[in-house]
Amino acid sequence: MSEELLINVAPTETRVALVENGVLQEVYLERSARRGIVGNIYKGKVIRVLPGMQAAFVDIGLERAGFIHASDIAPLDEEGMEARDAEVADIRALVREGQSLIVQVVKDPISSKGARLTTHLSVSARYLVYMPQTRHIGISNRIEDENERERLRQLVEAASLRLAEDGLSADGGFILRTVAEGVSEDELLRDIPFLYKLWGELDERIKERPVPSVIYEDLPLFMRALRDLARPYTEKIRIDSREAHGRAAEFAGKYAPEIAGRLEHYPGERPLFDLYGVEEEIRRALHNKVTLKSGGYLIVEQTEAMSTIDVNTGAFVGHRNLEETIFKTNLEAATAIARQLRLRNLGGIIIIDFIDMKDPEHQRQVLRTLEKTLERDHAKSSITGVSELGLVEMTRKRTRESLGQILCEPCSVCSGRGTLKSAETVCFEIFREIIREARSYDSEKIMVLASQVVIDLLLDEESANVADLEEFIGRPIQFQVEPIYNQEQYDIVLV
């Protein structure tokens, strides 16, 4: 398995592509006008408390107020540490309107929803996440080896004690990130003093800054990619900007020396994303149909509440029998679905309608293939198995907008429905509107303004109905084509 990170930096936007074995798997975008804010810390003000939802809205200085649930508000003990084992209290006992609150963004604003907030504060370095308000030491679930987990736990404890003896210490706990697997004590030691110092600076800002204001902003996207996406098996990190490459090299030399040798500046004339076919893959990911090599296909539909994926055999007829054809299609679809979830960044509830399989062993293998291919996904997912209706239900953590939400907007013609009223339907709407207008107002004649296709239908197939309508209302009806009108638009003018 070969993996490469491609970083495209322009004055207006930054894009990062994760490519495995030459195939695009994940895309991250950050535009200067709408940079992601996950990880940012704000000093905000509670503007509304909702007891019925056990939640509150917090003004953090953005266009829309952020949303915080009672379970994301950590009560503090006498020492200023989070009482994480405490039961979730009534939201009215935790916050009040007008109160200032230090919060961190855990989910970007999505669609009409504001940012999701928490008071469980943390700041990240290469190997560690520092939590200033808890003494807990956690380890990424992706590090499965128990001996390695224990080794890392002991290293952090020993490193913290050593720094305390040297006079550099602070209250707080840590989470060891996945990339910490296999690192030495010396490498971890570089992170801990940095995080202590960073939090000390933020603590001073919290005391000084007004409400609302930003206390801490996470790194720009290309640096976060080095910190979060570069893994031991990442073979190459190609950056097409000389300036960004210089900053990345400086960052890697200071915080991630193990990846410094894999950084490469791409000076080619041909755009980096074109060279790897990334642009074409992004274009395909905006369509709801995904073709499979066998001839089958997927239909991917995204709604606000959930996403659905339907698997079809299409042109694939198989070679042996129906059950074998279905099994092979579903196996191929499972791998393709895992990639589409990562590429499109679909999150929340996901329902997958595989083709019905009668053999339980086939069901198990398809589910195992889906789980296996999702192991490399950076977002956490959970698969519940096959339901009584034969559907696979799963969830995938959603922290930012999907690729479609970032790159697209609802169609101005159909308002996001995905379909248009037929010309015939519009004709009969026009007939009903003419009757309403004729009964309400006096006029010599009626003028209909509509699109070319609707006018053509009115003068051809519907001409008999138009004649009957003229006789019914006792007035002539004239028609005029409006080239700028879409198929659903029309106007009735009384003349």
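Assess whether GLU63 counts as being over 11 Å from PRO212 (Cα atoms), over 26 Å from the mean Cα position of the chain (by Cα) and among the charged types (D, E, K, R). Against the criterion (over 11 Å from PRO212 (Cα atoms), over 26 Å from the mean Cα position of the chain (by Cα) and among the charged types (D, E, K, R)), GLU63 does not qualify. Output the residues belonging to the range 332-375 that are closer than 19 Å to LEU286 by Cα and out of contact with any strand residue (DSSP E or B) (no Cβ under 8 Å at 6 or more places or on another chain). THR335, ALA338 - these are the residues of the range 332-375 that are closer than 19 Å to LEU286 by Cα and out of contact with any strand residue (DSSP E or B) (no Cβ under 8 Å at 6 or more places or on another chain).
I'm checking my understanding of the structure. Among residues of the range 70-95 that are at pLDDT 85 or above and charged (D, E, K, R), which one is least open to solvent (accessible area, probe 1.4 Å)? Lay out the reasoning, then the answer.
We begin by selecting, within the range 70-95, every residue at pLDDT 85 or above; these are 70-73, 90-95.
With charged (D, E, K, R) added as a condition, the list becomes 72, 90, 92.
Working: ASP72: 32, ASP90: 63, ARG92: 151 Å².
Ranking the qualifying residues of the range 70-95, first place goes to ASP72.
Within the range 416-428, is even one residue touching a strand residue (DSSP E or B) at 6+ places or on another chain (Cβ under 7 Å) and under 30 Å from ARG142 (Cβ atoms)? No: zero hits.
Any residue at all in the range 276-298 that is open to solvent by less than 70 Å² (accessible area, probe 1.4 Å), under 30 Å from GLY246 (Cβ atoms) and touching a Phe, Trp or Tyr at 6+ places or on another chain (Cβ under 6 Å)? Looking for residues that are open to solvent by less than 70 Å² (accessible area, probe 1.4 Å), under 30 Å from GLY246 (Cβ atoms) and touching a Phe, Trp or Tyr at 6+ places or on another chain (Cβ under 6 Å), one finds at least one in the range 276-298, hence yes. Filtering the range 223-245 for residues that are over 27 Å from the mean Cα position of the chain (by Cα) and more than 30 Å from GLU150 (Cβ to Cβ) leaves a non-empty set.
Checked across the range 449-459, the condition of being open to solvent by less than 60 Å² (accessible area, probe 1.4 Å), in contact (Cβ under 8 Å) with a residue 40 or more places away in the chain and more than 30 Å from GLN302 (Cβ to Cβ) holds for at least one residue. For the range 424-438, the criterion of being closer than 20 Å to SER412 by Cα and out of contact with any Phe, Trp or Tyr (no Cβ under 8 Å at 6 or more places or on another chain) is satisfied by at least one residue. Can you spot a residue in the range 258-267 that is open to solvent by 20 Å² or more (accessible area, probe 1.4 Å), modelled with pLDDT of 90 or more, in contact with a strand residue (DSSP E or B) (Cβ under 8 Å, 6 or more places away or on another chain) and among the hydrophobic types (A, V, I, L, M, F, W, C)? Yes, the range 258-267 has at least one match.
Among the residues of the range 7-27, is any surrounded by 15 or more Cβ atoms within 10 Å (Cβ to Cβ), without any contact (Cβ under 8 Å) to a residue 24 or more places away in the chain and more than 17 Å from SER213 (Cβ to Cβ)? Scanning the range 7-27 turns up at least one residue that is surrounded by 15 or more Cβ atoms within 10 Å (Cβ to Cβ), without any contact (Cβ under 8 Å) to a residue 24 or more places away in the chain and more than 17 Å from SER213 (Cβ to Cβ). Selection within the range 467-495: residues that are out of contact with any Lys or Arg (no Cβ under 9 Å at 6 or more places or on another chain), hydrophobic (A, V, I, L, M, F, W, C) and touching a residue at least 24 places away in the same chain (Cβ under 8 Å). The member of this set that is least open to solvent (accessible area, probe 1.4 Å) is LEU469.
Only residues that are of a type in the set (A, V, I, L, M, F, W, C) and surrounded by fewer than 18 Cβ atoms within 10 Å (Cβ to Cβ) were counted across the range 219-248, and they come to 1.
Suppose we keep only residues that are surrounded by fewer than 18 Cβ atoms within 10 Å (Cβ to Cβ) and not basic (Lys, Arg) within the range 318-330. Which one would you say is modelled with the lowest pLDDT?
Just the residues of the range 318-330 that are surrounded by fewer than 18 Cβ atoms within 10 Å (Cβ to Cβ), to begin with: 318-324.
Still in the list and also not basic (Lys, Arg): 318-319, 321-324.
Numbers: GLY318: 56, HIS319: 59, ASN321: 72, LEU322: 78, GLU323: 82, GLU324: 83.
The extreme case among them is GLY318.
If we keep just the residues of the range 4-19 that are more than 20 Å from the chain's Cα centre (by Cα) and at pLDDT 90 or above, which is farthest from ASP228 (Cα to Cα)?
The first filter runs over the range 4-19 and keeps only residues more than 20 Å from the chain's Cα centre (by Cα), leaving 4, 9-12.
Checking which are at pLDDT 90 or above leaves us with 4, 9.
Details: GLU4: 14, VAL9: 17 Å.
The selected residue is VAL9.
Quick check on my filter: what residues within the range 96-115 are crowded, with 21+ Cβ neighbours inside 10 Å and touching a helix residue (DSSP H, G or I) at 6+ places or on another chain (Cβ under 9 Å)? Answer for the range 96-115, where residues must be crowded, with 21+ Cβ neighbours inside 10 Å and touching a helix residue (DSSP H, G or I) at 6+ places or on another chain (Cβ under 9 Å): just VAL103. Of everything in the range 179-190 that is open to solvent by 50 Å² or more (accessible area, probe 1.4 Å) and assigned to a helix (DSSP H, G or I), the residue that is farthest from GLU150 (Cα to Cα) is ARG190.
The values are calculated or read from the model by the stated rules, or taken from the named source; none is laboratory data. Just so it is clear, the structure is predicted and the values come from calculations on it, not from any experiment. Using ideal geometry, Cβ is built from the backbone for each residue, glycine included, and neighbour counts are taken over all protein chains shown. To get the accessible areas, we keep the full protein, side chains included, count just its heavy atoms, and leave off ligands, DNA and RNA. Shrake-Rupley method; radii C 1.70, N 1.55, O 1.52, S 1.80 Å.
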